[in-house]
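Asker: My questions will all concern the structure given below.
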Amino acid sequence: MKKYILLFILTFQFALASESIDATFKKANDLYNKGDYEQALQSFESIVNKGNESADLYFNIANCYYKLGKVAPSIYNYEKALLLNPDDEAIQTNLSFAQKTAIDDIKILPEVGFKKMVKEFTSTFHYDTWAWIAVFVAFLSLLSFLGYYFGNTVFLKRTFFSLFLLFLIGIGVTVFSAFLQKKFDTNYNPAIVFAESTTLKAEPKNSSEDVVTLHEGTKVFVLEELGNWKQVELTDKTKAWIDKESIREVKDKN
């Protein structure tokens, strides 16, 4: 009986919490529509501070920062929203507008050749989806092997054996795709410059040669960390070291 009471209490508390979040979200939207961006921002961020996140939530936070003329926080939150919903056109469009307010105009060098083809192929699905596809193909390969084993004619044996080999190749492709996509996702570590101005160095020390000066809102990709420095790569493939306090990484660290 006590277990049922506890379950009821937990369910009731969860329902109240969800209702409270929905009410806060609605209040924040109302404040935004009235042009009270500061108060709307506080309401939206209070939801995040309670451990909740969604693409819509970060999108609205970014909109507030954009309206308030805060470049780095707006781009940062658009990027967080895009991580959760990469195909959302509204997020992509607003992010593009926000990026135009940044001072730096770093050239974007696209991926080319075989590496680009592999990335485009593996990014078709999330690595978890690739793993489930591999399981399904493995099941089909098992069925084809059973068909080959129990086939009572040469035609059936040849057909099922060919399918078995085809599915084995499919297993290899899907497992490898899952592995690569997981690797790409792990290594993809974007960050936004929050410092008004910061100079990147050739080595992780202040006395090192200056490479380039960046301003708030510029996007970089973190490669590694050493003490108070982080090695980053720019969109033009330039690599240098930056004071880690000058940037905020978009992906939350687990």
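The values are calculated or read from the model by the stated rules, or taken from the named source; none is laboratory data. Everything quoted here is computed from the prediction, not taken from an experiment. Cβ coordinates were reconstructed from backbone atoms using ideal geometry, including for glycine residues, and neighbour counts include every protein chain displayed. Areas reflect the complete protein model, heavy atoms only, side chains present, ligands, DNA and RNA absent. Shrake-Rupley method; radii C 1.70, N 1.55, O 1.52, S 1.80 Å.
Asker: For the stretch 193-209, what does the Karplus curve 6.51 cos²θ - 1.76 cosθ + 1.60, with θ = phi - 60°, yield as ³J(HN,Hα) per residue in whole Hz, taken in order and with x for Gly and Pro?
Answerer: Those phi angles translate into 6, 9, 5, 4, 7, 8, 9, 7, 10, 6, 9, x, 7, 5, 7, 6, 5 Hz.
Asker: Same structure again: Would any residue of the stretch 184-205 have its amide N under 16 Å from a label point 7 Å out along Cα→Cβ of Lys253? List them or say none.
Answerer: From the stretch 184-205, the list is 187-192.
Asker: For the chain, the longest stretch holding no trypsin sites (Lys or Arg not before Pro) located in a DSSP loop with at most 13 other Cβ atoms within 10 Å is which? Each step should come with its number before you reach the end.
Answerer: Working: sites that count: Lys34, Lys50, Lys100, Lys107, Lys205, Lys237, Lys253.
Longest run free of exposed loop sites: 108-204.
Asker: Scan the chain and hand back the longest stretch that contains none of the GluC sites (Glu not before Pro) lying in DSSP loops with at most 16 other Cβ atoms within 10 Å.
Answerer: Working: sites that count: Glu53, Glu111, Glu196, Glu209.
After excluding every exposed loop site, the longest remaining stretch is 112-195.
Asker: Okay, next question. Given the pairs Lys34/Lys70; Lys100/Lys237; Lys67/Lys107; Lys26/Lys219, which span a C-alpha to C-alpha distance of over 28 angstrom in this model?
Answerer: On the way: Lys34/Lys70 19 Å; Lys100/Lys237 20 Å; Lys67/Lys107 26 Å; Lys26/Lys219 31 Å.
Too far apart for the 28 Å limit: Lys26/Lys219.
Asker: Here's something else I'd like to know. How long are the semi-axes of the equivalent ellipsoid of the stretch 45-129, defined as square roots of 5 times the Cα gyration tensor eigenvalues? Whole Å, largest first.
Answerer: Working: eigenvalues 141, 76, 16 Å².
Over the Cα atoms of the stretch 45-129, the semi-axes work out to 27, 20, 9 Å.
Asker: Kirkwood Rh over alpha-carbon pairs of the chain, then Stokes-Einstein at 25 °C and 0.890 mPa s: what D in µm² s⁻¹, rounded to an integer?
Answerer: Values: Rh = 22.2 Å.
Calculated translational D: 111 µm²/s.
Asker: Given 0.36 nm per residue, what is the gain on full extension from Glu111 to Leu140 after removing their alpha carbon distance, in nm?
Answerer: My answer for the length gained is 6.9 nm.
Asker: Counting each DSSP H run of 4 or more residues in the chain as -39500 (n - 2.57), what helix-only mean residue ellipticity at 222 nm follows after dividing by all residues, to the nearest 500 deg cm²/dmol?
Answerer: Details: 8 runs with 151 residues, N = 254.
-20500 deg cm²/dmol, from helical runs alone.
Asker: Ok, one more. Quick check for you: with a 1.4 Å probe and neighbouring chains kept, what is the accessible area per residue of the chain, in Å²? Please report the intermediate quantities before stating the final value.
Answerer: Working: 16340 Å² over 254 residues.
Per residue, the chain has an accessible area of 64 Å².
Asker: Classify the stretch 135-254 from the C-alpha gyration tensor, please: rounded if a/c falls under 1.5, else prolate or oblate depending on whether a/b exceeds b/c. Walk me through the numbers on the way to the answer.
Answerer: Details: a/c = 5.30, a/b = 4.52, b/c = 1.17.
In terms of gyration-tensor shape, prolate.
Asker: So how much slack lies between Ile103 and Leu83, counting 0.36 nm per residue of separation and subtracting their Cα-Cα distance, in nm? Kindly include the intermediate steps, with their values, before the conclusion.
Answerer: Details: separation 20, 0.36 × 20 = 7.20 nm, distance 2.36 nm.
That works out to 4.8 nm of additional length.
Asker: Quick one: with all protein chains in place, what share of the accessible area of the chain is carbon or sulfur, to the nearest percent (1.4 Å probe)?
Answerer: On the way: 9750 of 16340 Å².
Carbon and sulfur atoms account for 60 percent of the accessible area of the chain.
Asker: Please give the charge dipole size of the chain, origin at the Cα centre, charges +1 on K and R Cβ atoms and -1 on D and E Cβ atoms. Round to the nearest 20 debye.
Answerer: Here the chain has a charge dipole of around 1020 debye.
Asker: Dividing the convex hull volume of the Cα atoms of the stretch 201-254 by its residue count, what figure in Å³ per residue is obtained?
Answerer: For the stretch 201-254, the hull spanned by Cα atoms encloses 87 Å³ per residue.
Asker: Now for a different question. Can you pull the one-decimal nm distance between simple spin-label points at Asp210 and Ser197, each 7 Å off the Cα toward Cβ?
Answerer: Roughly 0.9 nm, to one decimal.
Asker: Once you charge only the Cβ atoms, +1 for Lys and Arg and -1 for Asp and Glu, what is the size of the charge dipole of the stretch 111-231 about its Cα centre, to the nearest 20 debye?
Answerer: 760 debye
Asker: Using 0.36 nm times the number of residues separating Phe150 and Asn228, minus their current alpha carbon distance, what extension gain do you get?
Answerer: On the way: separation 78, 0.36 × 78 = 28.08 nm, distance 6.49 nm.
Stretched fully, the Phe150-Asn228 segment lengthens by 21.6 nm.
Asker: Let me ask you something else. Projected onto the charge dipole of the chain (+1 at Lys/Arg Cβ, -1 at Asp/Glu Cβ, origin at the Cα centre), which of Ala81, Phe145, Ala98 gives the Cα projection farthest towards the positive end?
Answerer: With unit charges placed on the Cβ atoms, the residue in question is Phe145.
Asker: Under 12 Å from the 7 Å Cα→Cβ point of Asp185, by amide nitrogen: which residues of the stretch 115-157?
Answerer: Correct set: 123-132.
Asker: Applying the Karplus parametrisation 6.51 cos²θ - 1.76 cosθ + 1.60 with θ = phi - 60° to the phi angles of the stretch 49-65, what ³J(HN,Hα) value in whole Hz is obtained for each residue in order, glycine and proline being reported as x?
Answerer: 5, 8, x, 9, 8, 6, 4, 4, 5, 5, 4, 5, 4, 4, 4, 4, 4
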